[in-house]
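The values are calculated or read from the model by the stated rules, or taken from the named source; none is laboratory data. Please read these numbers as outputs of a predicted model, since none were measured by experiment. Here the Cβ positions follow ideal geometry from the backbone for every residue, glycine too, while neighbour counts run over all protein chains shown.
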Amino acid sequence: MSTPIRTIRNLYRVGFKSYFNQMLGIGDTKAGTLIGTDRFGNKYFENNAEELPLRTKWVEYREYDYDASHVEPGWHAWLHYLTDKPANVEPNMLHEVRPWEKPEPPINQTFTRAAYKPYSTTIPKIQSWEPVARARA
């Protein structure tokens, strides 16, 4: 959470619409320079002057219902300070779609009926006890 003065200053910089979207998405207001956009429509920003260390880079996802898998590998490396150059500048970091790869990232199936559920292939070592009660006289 940032200070009220910083929040108001960023509100004037980014505007009401972007302020509202940032508060719903990341819970903070950030103003910075647009570094680039990936093939999914996500926008990547940086502000080295006013942000805290290791919080100078952030992403605004295209959709409100986002997942961490919606970030391309090159941009992921830039966001986590593994490279200094962003993915749109560094040619080795550009992500090319392979023939076997789907054009869109997979949808997160957690908490749905399609979620992966592992099953056990071993024989249980403990058997449950089922009491046998005699009829009372």
Screening ARG39, ARG62, ARG55 for residues that are surrounded by fewer than 18 Cβ atoms within 10 Å (Cβ to Cβ), touching a Phe, Trp or Tyr at 6+ places or on another chain (Cβ under 7 Å) and not polar (S, T, N, Q) leaves only ARG62
Result of the Cβ filter at 9 Å on region 97-112, keeping first residues that are modelled with pLDDT under 75 and partners that are in a loop (DSSP other than H, G, I, E, B), at least 6 apart or interchain, is VAL97/ARG39; VAL97/PRO103
Residue hits (region 99-137; within 30 Å of ASN42 (Cα to Cα) and hydroxyl-bearing (Ser, Thr, Tyr)) are THR110, THR112, TYR116
It is to be established whether one or more residues within region 73-85 are of a type in the set (A, V, I, L, M), within 30 Å of LYS102 (Cα to Cα) and either touching a residue at least 40 places away in the same chain (Cβ under 8 Å) or surrounded by 13 or more Cβ atoms within 10 Å (Cβ to Cβ) (or both).
yes
Look at GLU46 and say whether it is modelled with pLDDT of 90 or more, more than 24 Å from ILE107 (Cα to Cα), touching a strand residue (DSSP E or B) at 6+ places or on another chain (Cβ under 6 Å) and not hydrophobic (A, V, I, L, M, F, W, C).
-> yes
When region 47-76 is checked residue by residue, the ones that are aliphatic (A, V, I, L, M) and assigned to a loop (DSSP other than H, G, I, E, B) are ALA49, LEU52, LEU54, VAL71
TODO: Would you be able to say whether some residue in region 101-110 is assigned to a loop (DSSP other than H, G, I, E, B), farther than 30 Å from ASN21 by Cα and not aliphatic (A, V, I, L, M)?
DONE: yes
ask   = So is GLU72 modelled with pLDDT under 85 and over 30 Å from ILE5 (Cβ atoms) or not?
value = no
When restricted to TYR19, TYR12, TYR44, the only residue in a helix (DSSP H, G or I) and surrounded by 15 or more Cβ atoms within 10 Å (Cβ to Cβ) is TYR19
For region 89-98, check the following and say yes or no: at least one residue is under 22 Å from THR29 (Cβ atoms), of a type outside the set (Lys, Arg) and assigned to a loop (DSSP other than H, G, I, E, B). no
